[in-house]
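These notes are about the structure you will find just below.
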Amino acid sequence: MRRPLIAGNWKMHFTVPEGLEYALRLRHALEPFADREDIVVLPPSLMLWEIANVLRGCPLEVGAQNASWEDQGPFTGEIAPKMLAGWCHYLLIGHSERRQLFNETDEQLNRKVQAAFRNGLKVVLALGETLEEHELGRTQEVITRQLSAALYDIDVKRAADLTIAYEPVWAIGTGRAATPEYANETMGLIRRLLVGRFEQLGTDMRILYGGSVTPANARSLMDQPEIDGALVGGASLKQTDFTEIVRAAAEVDRPA
Ligand code: PEP
């Protein structure tokens with residue numbers, strides 16, 4: 001059985017005091033669900049260490065939204081996965097905002113995946129098609145390319161530390177989530193690619209859906225057999241909304 005994972009991507013929101021206060025509130029609200037699923041918060045890097053301390057000893061985990069592919073050196077403004085090693089659990093790689101606004105290429109993302117694994121981090125690899133690609137019927141081609149490029153030369157033994165987040169770009173922050181059926185179908189394709197790449201281990205890997213997940217649609221998305229959880233943006237910034245999404249994942253009955 002795949003254990004659900006809900007990750008909240010705070011993006012570039014909250015001051016440090018606000019983020020710390022919010023993390024404390026999440027800790028109290030979400031701890032009761034942590035025996036049924038993995039719950040991760042992805043704060044801005046500036047407050048990551050402090051928030052990891054606030055959450056120490058509780059089952060909520062932290063992740064970084066981005067990091068370099070280098071371990072150290074003259075890279076002004078960057079943080080290295082090596083700096084996250086040992087206390088930060090996850091690294092999000094390939095979010096569409098990084099791909100589109102910061103021009104991150106498939107080749108760079110592959111180097112980031114390698115660097116994350118080299119430093120013992122778990123990876124959430126985000127991928128998905130743009131609206132134009134969707135309308136041109138290129139979803140399958142785009143996803144196949146993004147996945148195989150990001151995982152180039154990655155050891156199959158890393159499968160357990162890798163989660164895929166399928167995020168159709170047209171659904172991110174638009175209020176227009178993919179239908180559960182469409183998401184499930186596309187994630188079925190990702191599952192087949194993972195099995196092709198990682199063989200049996202591919203069946204145990206988690207695939208999350210991301211794109212305008214809300215308390216209203218979370219349950220119907222998570223009822224789908226290929227949807228193992230969610231990467232949540234906007235709704236992760238409100239305690240009540242994020243809690244309801246976490247609750248929805250906890251309530252889904254999954255086959256043993
Ligand atoms: C995201 O940024 O990964 C995301 C899914 O955002 P939202 O939930 O706001 O669509």
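The values are calculated or read from the model by the stated rules, or taken from the named source; none is laboratory data. Being a predicted model, the structure only gives us computed values, none of them experimental. Cβ: placed from backbone, ideal geometry, glycine included. Neighbour counts: every protein chain shown. Keep in mind that these areas ignore ligands, DNA and RNA; they rest on the heavy atoms of the full protein, side chains included. Shrake-Rupley method; radii C 1.70, N 1.55, O 1.52, S 1.80 Å.
See the values below:
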| quantity | calculated |
| --- | --- |
| Test: residue in region 97-104 that is away from the ligand (no atom under 16 Å from the Cβ) and either touching a strand residue (DSSP E or B) at 6+ places or on another chain (Cβ under 7 Å) or of a type in the set (Lys, Arg) (or both) | no |
| Qualifying residue in region 193-209 (condition: in a helix (DSSP H, G or I), open to solvent by 60 Å² or more (accessible area, probe 1.4 Å), farther than 19 Å from THR139 by Cα and within 14 Å of the ligand (Cβ to nearest atom)) | no |
| Residues of region 147-185 that turn out to be within 16 Å of the ligand (Cβ to nearest atom), open to solvent by 10 Å² or more (accessible area, probe 1.4 Å), closer than 26 Å to ALA116 by Cβ and part of a helix (DSSP H, G or I), as a count | 1 |
| The listed residue being without any contact (Cβ under 8 Å) to a residue 60 or more places away in the chain, under 20 Å from GLY233 (Cβ atoms) and β-branched (Val, Ile, Thr), out of VAL62, VAL54 | VAL62 |
| One residue from PRO43, PRO17, PRO74, PRO32 being under 29 Å from GLU104 (Cβ atoms), free of Cβ contacts under 8 Å to residues at least 60 places away in the same chain, out of contact with any strand residue (DSSP E or B) (no Cβ under 6 Å at 6 or more places or on another chain) and exposed (fewer than 15 other Cβ atoms within 10 Å of the Cβ) | PRO74 |
| Residue in region 147-154 that is touching a residue at least 40 places away in the same chain (Cβ under 8 Å) and of a type in the set (Ser, Thr, Tyr) present | yes |
| Single unsatisfied condition, LEU109 versus (1) assigned to a helix (DSSP H, G or I); (2) open to solvent by 70 Å² or more (accessible area, probe 1.4 Å); (3) within 21 Å of ARG145 (Cα to Cα) | (2) |
| Restricting region 224-247 to residues that are of a type in the set (Gly, Ala, Ser) and within 11 Å of the ligand (Cβ to nearest atom), the residue that is most open to solvent (accessible area, probe 1.4 Å) | GLY234 |
